[in-house]
Every structure is written in structure tokens, then in C-alpha cells.
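Everything below concerns the one structure shown next.
The values are calculated or read from the model by the stated rules, or taken from the named source; none is laboratory data. Since the structure is predicted, the reported quantities are computational estimates derived from the model, not experimental observations. Virtual Cβ from ideal backbone geometry, glycine too; neighbours counted across all protein chains shown. Heavy atoms of the whole protein, side chains included, go into the accessibility calculation; ligands, DNA and RNA do not. Shrake-Rupley method; radii C 1.70, N 1.55, O 1.52, S 1.80 Å.
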Amino acid sequence: MVQAQDTSKEAVAFADLSLDKLMDVQVQHVVTSTGYLQTTDEAPSTITVITAQQIADRGYEQLEDALRDVPGIDMIHVNGYAPTLIYFRGMYGAENLRALLMIDGMVENNILGTNDLAGPAYSLHNVLRIEIIWGPASALYGANAFGGVINIITKKGADINGVHAEAGAGTFNTTFEKLSFGLKKSNIEYSLAANLYNTDGPVFANRDPQYHASFVDKAYGINGALSYYTKSTKTTIGYRVYRTPSGWGTYANSPTVYLGLPPQGNNNSGQVGILTRDLDGQKPGLNDSYLRTVFVQEEFKVNEKLNLMARGIYRETGTADDSYAYITLDGKKLIKDIVASYSNRAQAELSANYSLSEHHKFSAGVEFYQDNVEQGARGITVDTSTYYVYNGKDTVTNVNTSFLPRQYDIRNNFGSYLQYVLNVKFLGKTSVTLGARDDYNSYFGNAISPRAVIVNQPNDQFTFKLQFGQAFRAPTNLEIHQSYAGDSLKTEKITTYEVNAIYTPIKQVKVQLNLFHNYLTDIIVLSNLTGFNPNKNPGRITVDGLEGSVDLSVSKTFSGFFNVTWQDAEGENLITNVNRSVSAIAKIKGNAGITAHLPDDLLSISILGNYVGERPSPMTDPNGPVAGYFLTNCTINTGKILHSGVSAGFEIRNVFNTTWYDPGFRTADGLVFSTLLEQPGRTFIIKASIDL
Amino acid sequence: MKRMKKHIILFVAAITLVVGSAFMPAQSNTEEYILKAAFLYRFTDYIDWGSSSGQTEDFTIAVLGRSGITDPLIEIAKEKKAQGKRIVIKEYDNINDVGDCQILFISGNNKQDVETAVSKMGDKPILIVAEQTDACAKGAHINFVISDNKLKFEMNPSAAAISGLKISSQLLQHAIVVVNTP
């Protein structure tokens, strides 16, 4: 496969290719927004696309690396379990539950509702592009397409066309190995990608000089697909699994009282916490999450106007039963806690795209899934009256705890949607998209998600979009079983209004402005803590935002970007009537970067900068707002060395070794959850790869 | 705050340094149109324009409507010949202004529809190439489509025959859809 390059001179090179080769070149379009192939300007949504070239040039190893440089996203890095909490457009709370993560159009979020979202198992080495759709998209995708949709499009056999192997190492004893191979020959296309990741993780010495809670131990991902083509059909079977055994990181406080250490600082008490150092040769804790998917998919091009797609998916997600933590509540003894969950989903869907003409297009689909979902975290036996002493110093109870039988619920969901696109030559080119989806769920009942979008392109230089959409987030079974007995949780709802202006004065420059208003209601009630905590209390959130971006693609040798985000996120607690700025959301943030390729592609250099302004912390946090920071990352890649298939790369993150913090989350009162989350200083990665 | 300012200044300085060392002249970035230009050029190997083609000195490709295809076509024209002739690229806003040419590319941004272009040029030995839904059904000879994230094309050999063009069977084999409407 030949990747299309970005210069007119490439046209000369392409002109020398045969028709066969030309027809094998990948073209950048997006499908996530409507189900049709469209450019990002034409699509009736606000879309950011991150290409494989940008992933390689900028040294993005994991999803969060790529999301760091796009506007509108705030993050809290836990450096362990989770592993990073990602908030779209001011939607703090409901950790990682308000965005839909998809791989090749199939949902990847945990079925139970734990907050693991991507992480080191999800290597980007076999990713063709990442499509990020901002705003509600439940009209197409149903539950949880709330703040946004991240659709990871993987490389297929023809895209890989051979073997790619990569190995790297870095700070904190980090090592990774990646392999992908694939081919398309005649009617058969196959691909297999695998990766392995290990790290000891950073040491936050103020929490514990022997800190060892941010490790990742043999996280892996495997993604394979086999397709068979006929003239009008494509049949694919696929399997993917992602497993991330990791420490608990800075999810909770370090138990400095128990360890006999000075307080970790920042108003954290240190009496309650999760053990952060090895115990009797055993790691201090383990969260071993897994997500598995197997699918069969049939795409059928009936004729030029009608395309059908049928898909069956079976998924299993959970936390493996080797997971555990040592917790102290009194600062005197440790209590062993074991953690597990298992849930599965069987899903069938049928969708159709029908182009009546270039003016009228329709999309429709039906989807049914049944969840067999665990009733929250699995119950365990408790014995805190028997004490064991390890190495003469560690007092541990509940050592022989075991799991109670798995309790589960069956949830059925039936969804159907219809979308109509009208393209007319009015004021240049104008398209109107109208759509709605209805979901009926055996727990929460009915939910209807409408959308309406007008896209106008008066000429080649300008595009204007006017968007309205509503979406919902389904209560997770974790929330359902943590709520008060008898509570029947409603769905969270969002209404979004958005205006976009895209200006392309010349082909090399694209300027975009997005103005949006998000209104979230019925935020799920779990308990009513003191103060406003959107993930724990009933409330509303109103977010107004403005995003500006400039993308430069000057030549094959130079490209750059700059974006800035202003957001005003205000929350209201309907029980306490407290109004305040939403935690963890910076009013101002911005990113900039450039990539330069030296002549003959000997070397490429990317320099990226991220500014995040001051962020409010939860009301219960005695430390108050968290200071802003500016980080610089640099990636240097060689081209193919001596025309072999071998190339190398070097990445420096946090080049200037800036000290930076993320705000605490949940209560962040310093008792259980930390007031501040420390972050690593300068780190390095070196890697080499070979293409055969 | 002082340290942050220092880091931002260093960041800007580093960017300036890298930009200075690697800046190259501006070129097109529209990969889709680079490909379309290459396809247009490659089509010339599979089309017989008949005797009328021999009467012109240049091989002219007309682009109707502003399009990202123009720049990569110009790059190809700088280094390649079509049917042994110099390639000339001409851009038009109005179908009525289009003069002699061998290929007419109707941009998706063009305000006039394919039917109008076909009614004006369909009886001349001009290969009409479009990039719109149903363009072949409306009389275009070749229509670009995106399928599986790859650039493909549909063909209407009947309409091409009416224009006096002969299309190689090899090219027809590569078309994903063959429409036969006059």
C-alpha cells in the first residue's frame, strides 16, 4: 500500500504508478459522523482527525498522547488504574463515561461502567486514523455518545502490506514491543497487530520513597481481522483483546501514617490510603482490567445507491480476579481487598445507507443488545478479626478473603435510528441533516435523541455549520448498585447548540472557530456529599465554550497547528443550591506544534507545546485551585536508514522538566482521595522499527 | 509563573529554529486531488481520442470550477506528456467558456451540474470526468468515487462512444461500476 503524501510533487510520483497501485492508495475521509464518506468540512459535526502520519511524526504512543494536542479536552492523570480521566468540553464527573470509545465503529467502553478508557494496551502503531466527533452523537450511536465519540480506525491488511515490528525502551524501565502484519491478496485480506507494554512507572517520593504503584505489568493488545471480498460484498471476522494489569497509581492517598513516613503534603492526611510499596515480595496492588471483542460483519453493496451492513458482536469486559489492594483505614493495619467483575454483551445490528440521488440520502439502522452485567464490584468474604504479621512489621487482616458468587442483571436494549441528508445548491452548497434515534432499555425505559445540522459552503473558502443535538448517558450497573436501595436512576441528558466557521484562505491553511453551549441535566445521584461534586450529586452543568484552531500543511516537509480553548463550565447542585465553577476544567488552554522533515526525509522533528490554565478543584479540596502549566514535548524520527526498512525514533516528554500537577478528583479532601496528583518530570523513549 | 514564561519562550525559540531549517516552498496538501490528478494522467494511456486528437498541438485538460486538482495537474504537466504532447491545464468558471480540450474535469465545487456540461460537450471527443454521485448516469464518462477509503471510478462507455472516444477494455476492468446509458 502506498500512503498518499501532501505535496503536488507527489502527483508526479503517483502519475508513474499503475492503475492497480493508484487504486490501492489510502484517501483521508471520515465516516463516523453520518455513515457516509465525507470530508471533515462537509460532515454535519465538528470533527478532528488525527492521521497515522501525525501519530508517527508526533510520537503518539497511546490515545491520551493524541488527545493531549486537540482543543476542548481536559485530563487528570492517575498514573495507574483508570489510567487517565478524560473530560470532553467541560464535562467533569462520571469518570470516562461521557465519551464513547469505538474501534472500527464498535463500542469499546467497559460494559459495567468502570472508568478504564484506553491506556497502554491500546497502542497506536496499527491505527490508520483517529476520528473525534465533538458533541452529542446519540442520534446515530445511542447511549453514551454524550460529550463526544472517539473512533479509532485500525489498519487493515492492505494498509500494512507486509510486516512492521517495533521495540522501544524509556524512563522508569519502560519497554514495549509492537508487531503488525497484514496483506490483501486476491479476495482475501487479513491483518494481525499485537503489542506488549511494561513499566515500573514514576516514583512519587513525597508519597513514599519506595513508591511502586504506577507500574504496568505486561499490558497487551491483540487485534486481528480476516476479510473476504466478492464484487459486491465484504465479509469480515475479527477478534480483539486489551488487557492492562496495572498498579492503583495515585487513585487514593498514600498511607503515610501506616508507613511511618512524613505526610505526603498538600493537605493529605495519610491515615487512609492504598499501599504504595511492595509487601512481602508482592506488588502493592493490582487492577487487571480486560476487554475482549469478537465480531462478524457483512457489508453488502446492493447497487450504487444502496449499501447494507449487518454485524454481530460479542464482548466481555471486566476486572480479572487476580486484582487486589491493601487498604488502611486506621493507619495501623492493612486490609486485603480483592476486586473482580465480569460482564458480557451480545449484540446484533443492521444498517443501511441509501442515496436516492446526490440531493437525498438516507441512513437507517436497528440494533439490539443484551447485557449480562455484574451487579457492581463482586462481593467478598470479610474477616478482619484475624491478624497476620509479615516480616515482623506489616499487620494485615482479611488475608484469606474470597469472592462471593457473581450476581448479575440482564439488561436489554433496542435501538433504531433514521437520518436524512438533503444536499441543495442554495447559497453555494448547503446540506441539511435531520435524524433521530430511539432507544428502549429494560432498565431506564425510552430515550429519544434528535439532531439537526445545517452545513453551508458558499464557496471553496468558507464552511459554516449550525448544529443542534441531544444525547443521553445510560446509568451504569456500578452506579445502579451503588445508589440507595430502591433508587431508579434516570439517564443523564445533554443538549448542545453549536456554530462553526471554517475558513480556508489557501489550501495550506485552515482556520476554524467553534462556539458551543452544552446543557447537562439529570446528573446521576449516588449520594449527597457536602458541596458540589458532579459525579456524586444531582446537578446541572452549563458549559459555554469557544475553540479556535489553525492548521498549516505547508508542504511535505513542514506542517503545524495551533489551537486555543476557552470554556466556562458552571455547575449547580439542586440539593444544596451551590453554584460554582466545575472542577478540573481550565478556562483557558491551548496547544501548538510543528513538524519539520529534513530534506530526503533523513530526519523529522516535532515540537509540541501544551498550555493548561489554572483549574478549580472540588469544593471539598482544602488546597483550592491548581496552578496552570506549560509542557513541551519533542519527537525526532529518522527516515528509513540507508534505504533499509529500519528507522529509529527518540522522544522527550516534558523537555524542561516542569513541575506540574493535576487537581484531585471525587472528594479530593485529602482523606481518601488526594488533593493534588503529582506528575512525572522529564522522560525519554527510544525506539527502533523495521518494515519488511 | 516566571518559569512558565521562560519555558514558553524556549518553546517558541525551538520552533523558530526548526521552522527556519526546514521551511520549503508551499505545495498542495490535498491528497485526494493529488490522486485524482494522477488518475487523470493515467487515463490517457487507455483512451483513444481518434483522429481529432492529432489535430491539436497540445493535450489540454480543462478544469470546470475551482478545484484542488489544478495544482497537482500543473506539477504533472511540468514533467510528463500525454499522447506524446505537452500537457496544458486550463481552469474555467463557466461551461460556455470551455474551449478545445481532451479532458474536461467537472469539479464537485462547480455550480453548473453535470447534465449541463454533458449537453454542451457530450458530442465532442472530450473525456468528461466528474466527482459527483450519479454523474455517470447523467452522461459523464468517468466518475470518481471513494470506496473503502480508496479512490475508485465508475465508467459510462456508451456515453464515451457517443463522444467518439474508444476506451480500452483494461480500463473498464478497473472500473468498480460500469453504467451504460447514452
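Points to keep in mind about this one:
- Viscosity 1.002 mPa s, 20 °C: Kirkwood-radius Stokes-Einstein D of the stretch A:37-144 over Cα pairs, µm²/s: 146
- Kirkwood radius and radius of gyration were both taken over the C-alpha atoms of the stretch A:585-692, and their ratio Rg/Rh is 1.17.
- For the stretch A:543-692, the dipole from Cβ point charges (+1 on Lys and Arg, -1 on Asp and Glu) about the Cα centre works out to 380 debye, to the nearest 20.
- Cβ-Cβ distance of A:Ala13 and A:Gln210, R₀ of 60 Å, FRET efficiency by 1/(1 + (r/R0)^6): the value works out to about 0.60.
- When only the Cβ of Lys, Arg, Asp and Glu is charged (+1, +1, -1, -1), the dipole of the stretch A:410-466 relative to its Cα centre reaches about 80 debye.
- Each peptide in A:462-470, A:571-579 gets a packing score, the mean of other Cβ atoms within 10 Å over its residues, and the list from highest to lowest is A:462-470, A:571-579.
- Burial order of peptide ranges A:323-333, A:52-62 (average beta-carbon count within 10 Å, highest first): A:52-62, A:323-333
- Heavy-atom accessible surface of the stretch A:93-149, averaged per residue, reaches 11 Å², computed with a 1.4 Å probe.
- In chain A, helices alone account for a calculated mean residue ellipticity at 222 nm of -1000 deg cm²/dmol, with every DSSP H run of four or more residues adding -39,500 (n - 2.57).
- Positions from the stretch A:484-524 whose accessible area shrinks by 10 Å² or more when the full protein complex is built, not the chain alone, probe 1.4 Å: A:Lys507, A:Gln508
- Residues of the stretch A:617-640 buried by at least 40 Å² of accessible area upon assembly of all protein chains, compared with the chain on its own (1.4 Å probe): A:Phe630.
- Counting only Cβ charges, +1 for Lys and Arg and -1 for Asp and Glu, the dipole size of the stretch B:27-178 around its Cα centre is about 260 debye.
- Packing here is the average count of other Cβ atoms within 10 Å per residue, and on that basis the peptides A:228-234, A:41-47, A:158-164, highest first, run A:41-47, A:158-164, A:228-234.
- Neighbouring partner chain Cβ atoms per residue of B:4-14, average, 10 Å criterion: 5
- Each of B:Val63, B:Ala135, B:Leu165 was scored by the projection of its Cα onto the charge dipole of the stretch B:27-178, and the greatest displacement toward the positive side belongs to B:Leu165; charges sit on the C-beta of Lys, Arg, Asp and Glu.
- Which listed pairs, of A:Lys301/B:Lys166; A:Lys425/A:Lys507; A:Lys425/B:Lys120, have C-alpha distances above 26 Å, in listed order: A:Lys301/B:Lys166
- Spatial separation of Cα centroids for the stretch A:236-290 and the stretch A:407-440, in angstrom: 42
- Sum of -39500 (n - 2.57) over DSSP H runs of 4+, divided by residues of chain B (222 nm, nearest 500): -10500 deg cm²/dmol
- Surface accessible to a 1.4 Å probe, per residue, for the residues of the stretch B:27-178, Å²: 38
- When chains A and B come together, the accessible area they lose, probed at 1.4 Å and totalled over both chains, is close to 5600 Å².
- For the stretch B:109-134, heavy-atom accessible area (probe 1.4 Å) falls by no less than 20 Å² from the chain alone to the full protein assembly at B:Asn109, B:Lys111, B:Gln132, B:Thr133, B:Asp134.
- Taking the C-alpha atoms only, the angle from helix B:2-22 to the longest principal axis of chain B is near 40 degrees.
- Per-residue average of Cβ from other chains inside 10 Å of A:460-466: 1
- Positive-pole candidate from A:Ile47, A:Leu261, A:Ile410, dipole of chain A, charges at beta carbon: A:Ile47
- Accessible surface area normalised per residue over the stretch A:171-275 is 41 Å², counting heavy atoms of protein chains with a 1.4 Å rolling probe.
- Kirkwood Rh and Cα Rg combined as Rg over Rh, evaluated for chain A: 0.95
- Label point distance in nm, A:Ala346-A:Leu546, each placed 7 Å from Cα along Cα→Cβ: 5.4
- Prolate/oblate/rounded label for the stretch B:27-178 (Cα gyration tensor, a/c 1.5): rounded
- Separation of alpha-carbon centers, the stretch A:115-147 and the stretch A:593-665, rounded to whole Å: 22
- In nm, spacing of pseudo-spin labels at A:Ser488 and A:Ile410 (7 Å Cα→C-beta vector): 2.0
- Model label points for A:Lys393 and A:Ala169, set 7 angstrom from Cα along the Cα-to-Cβ axis, are 3.1 nm apart.
- Solvent-accessible area assigned to carbon and sulfur over the protein assembly as shown amounts to 58 percent, based on a 1.4 Å probe.
- Computed over the alpha-carbon atoms, the stretch A:371-464 gives an Rg to Rh ratio of 1.46, Rh here being the Kirkwood radius from the mean inverse distance.
- Under 15 Å of direct C-alpha separation, and excluding same-chain neighbours fewer than eight residues apart, B:Lys81 reaches these aspartates and glutamates: A:Asp16, B:Asp45, B:Glu57, B:Asp58.
- Per-residue shielding of B:167-180, expressed as the average number of other chain Cβ atoms within 10 Å of the residue Cβ, stands at 1.
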